[in-house]
Amino acid sequence: MIKNMKPKSIITYILLFTIGLVLGWLIFGGKETATHNHSTETASEYTCSMHPQIRQQGPGKCPLCGMDLIPVSKSGSGQSSAFIHEMTPEAIAMANIQTTKVKSVSGANELSLTGKIKINEQQLSVVTSKFPGRIEKLYVNFEGQEVRKGEKLATLYSPELVTAQRELLEAKKMANLSPQLYEAAKEKLRLWKISDKQIEQIEASGNVTTTLDVYADASGVVTKRQVSLGDYVSTGSIMMEVANLSSLWVVLDAYESDLSWIKNGSVINFTVPSLPGKKFNATIQYINPVVNPETRSVDVRAVVPNAGNFLKPEMLVNATLQTKLDTKTGGLAIPATAVLWTGKRSIVYVKQQGAMPAFERREITLGARMKDLYLVEKGLEVGEEVVSNGVFAIDASAQLSGNYSMMSSPETKSLEVPDTFRDQLTTVANKYYGVKNALVESNPISAATAAKEVLKALQAVDMKSLEGRAHDEWMALLKPMEQGATGISTKTDVEAQRKDFELLSDHLIEAVELFGLSSEKAYRAYCPMAFDDKGAYWLSEFEDIKNPYFGASMLKCGENREVFRKR
């Protein structure tokens, strides 16, 4: 059939076919650059399937097992895939994963403590022997016997006492010749707690006393008796202890996590199992500054009056303490089961909104514990949902998938700086948002004006408040930020401004990573198609993508890669 066709017809068909291809390319091919599928991006971060803690930019070999590294899987959550872990509904059901909303609490807490009744050592009197001798008579027959102040407890025979009395009588005879010897003889008896009145009686009678009585210095109950009739005691030997039980100690065991709730002067309410129906209260007067290394607890001591002598030493007590943190407002709280501990860091998994169930690994700062809850100082907001059951299953699944987990964390770059410096950096970021929003609108005049405000904010930063590495890092970032802001402020071509905006953005983002912001959130967004598919980042004050590198032509092109939270 082709052989029978004329050459002119063949040329006509070829020409029509060529025109059709060109029109098809113009109609359909030209639209390729108008859309962008982020799921087709090439992964730049690689990990090992056997050792998920290994991460590097680009492919290579695992340094532990030598296996080829695989790209970290991408998630559709709109944030950095290494922090977001997706799971199927079936996997969530099998792991029995449950979530709890972050709620606001008043900060009041009822603390339960256990302990014992103890003798008040401040009202404990120890009876000691003032001189050596043998116990001739003992008037305390058992422990628990009540005695009164001034009551006779024992009678001692002391050969040394007899000798000392004879020395006194001989020294008195020569008092006129050797007054120093006379005073020394009396002082020897005084050191044995022989009163001046007793010394005068010895001198007046001229008789030597062979025994001497021991009296109670305070009223109370004999809690310990360490001598018996006929025992020989030396000077300073403990004979017995007398305790006044009208006031007792309540000694409670408090765990380290409870200490933030306990203050001196707080009132505790307690009950004793052996006295059902009776309630007591006491005032905390002392908190032991040293933690018991075996029990990891601290002794908390309160004083309780013992009217009626109902309370006995060594009774067990159950106490409650109504307390509140030293804050004017309440705080946020999450279940204790939601927290994963990794040394100094506390990690939770936050449920993400989207078609596919996903959970974000997030580091938070915890406060005091309230029974089964932890107060949250930083990292969460009211209404967010944290995984409260099955958190270990999610973490294990994230680790096997090559995502960050409890055992693998990104390298931290943060530096400690004064709050005033962080506030000043936040002001710079707020002025920067004005530039970013002007470029979203493709408005070069507004962008130039906003860039001048960025320069003023950079000049107002007090770099003298920084020391050491923090000062060096800021000085290295300051110059390119000023260069980028200056370039934007002096140009009227929006595409040229966008190139300077990239320079400003990259170094401002690095400053935020290092020093943090005092604002609640900031988003590090990324557009892979900026500057002929080279890609570029920017900082945003909101989660919605509004691309400053393309403006209205590709407003939604990009994704959030990281969330910076208030420090």
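Helix 444-459 axis versus longest C-alpha principal axis of the chain: approximately 30°, rounded to the nearest ten. Relative protection proxy for 305-312, 232-239, from highest mean packing down: 232-239, 305-312 (other beta-carbon atoms within 10 angstrom). Shown here are the Rg and Dmax of the Cα trace of the stretch 436-515, at 13.1, 41 Å. Rounded to the nearest Hz, the phi-derived 3J(HN,Hα) couplings of the stretch 247-259 under the Karplus curve 6.51 cos²θ - 1.76 cosθ + 1.60 (θ = phi - 60°) are 9, 10, 9, 10, 9, 10, 9, 10, 6, 4, 5, 8, 5, where x marks glycine and proline. Our coupling estimate for the stretch 416-426, obtained by passing each phi through the Karplus curve with A = 6.51, B = -1.76, C = 1.60 and θ = phi - 60°, is 7, 9, x, 4, 5, 5, 5, 5, 5, 5, 5 Hz, Gly and Pro reported as x. Hydrodynamic analysis of the stretch 176-249 uses the Kirkwood radius over alpha carbon pairs. Inserted into Stokes-Einstein at 4 °C and 1.567 mPa s, it gives a translational diffusion coefficient of 83 µm²/s. In terms of packing, defined here as the mean over residues of other Cβ atoms within 10 angstrom, the peptides 89-97, 211-219 line up highest first as 211-219, 89-97.
When the inverse distances between all different Cα atoms of the chain are averaged and flipped, the Kirkwood radius reads 32.3 angstrom. Normalised by the number of residues in the stretch 419-565, the average gap of Cα pairs under 8 Å and 6 or more apart makes the relative contact order 26 percent.
Here the ratio of the Cα radius of gyration of the stretch 419-565 to 2.2 N^0.38 Å is 0.98. Here the average projected area of the convex hull drawn through the C-alpha atoms of the stretch 361-408 stands at 4.0 nm². Amide H to amide H, with H built 1.01 Å from N, Lys137 comes under 5 Å of Thr155, counting only residues 5 or more places away or on other chains.
Each of Ser205, Tyr157, Leu229 was scored by the projection of its Cα onto the charge dipole of the stretch 121-243, and the greatest displacement toward the positive side belongs to Ser205; charges sit on the C-beta of Lys, Arg, Asp and Glu.
Among beta bridges identified by DSSP and lying wholly in the chain, the antiparallel ones come to about 100 percent.
A simple rule links phi to the HN-Hα coupling: the Karplus curve 6.51 cos²θ - 1.76 cosθ + 1.60 with θ = phi - 60°, which for the stretch 511-527 gives 5, 5, 4, 6, 10, x, 10, 8, 7, 5, 8, 8, 10, 9, 9, 9, 10 Hz, with x for Gly and Pro.
Taking amide hydrogens as placed 1.01 Å from N in the peptide plane, the amide H of Gly367 sits under 5 Å from those of Leu375, Val376, Glu377, each at least 5 positions away in sequence or on another chain.
Amide H contacts of Phe564: Ala522, Tyr523, Arg524, each under 5 Å away and 5 or more positions distant or on a separate chain (H built 1.01 Å from N in the peptide plane; Pro and chain starts excluded). Applying Stokes-Einstein at 10 °C and 1.306 mPa s to the Kirkwood radius of the stretch 121-243, computed over alpha-carbon pairs, gives a translational diffusion coefficient of 103 µm² s⁻¹.
The C-alpha atoms of the chain define a longest principal axis, and helix 196-205 lies at about 20 degrees to it.
Values quoted throughout were computed directly from the atomic coordinates according to the rules given, and no laboratory measurement underlies them. Remember, predicted model here, so these are calculated numbers, not experimental data. Glycine gets a Cβ as well: all are built from the backbone with ideal geometry, and neighbour counts include every protein chain shown.
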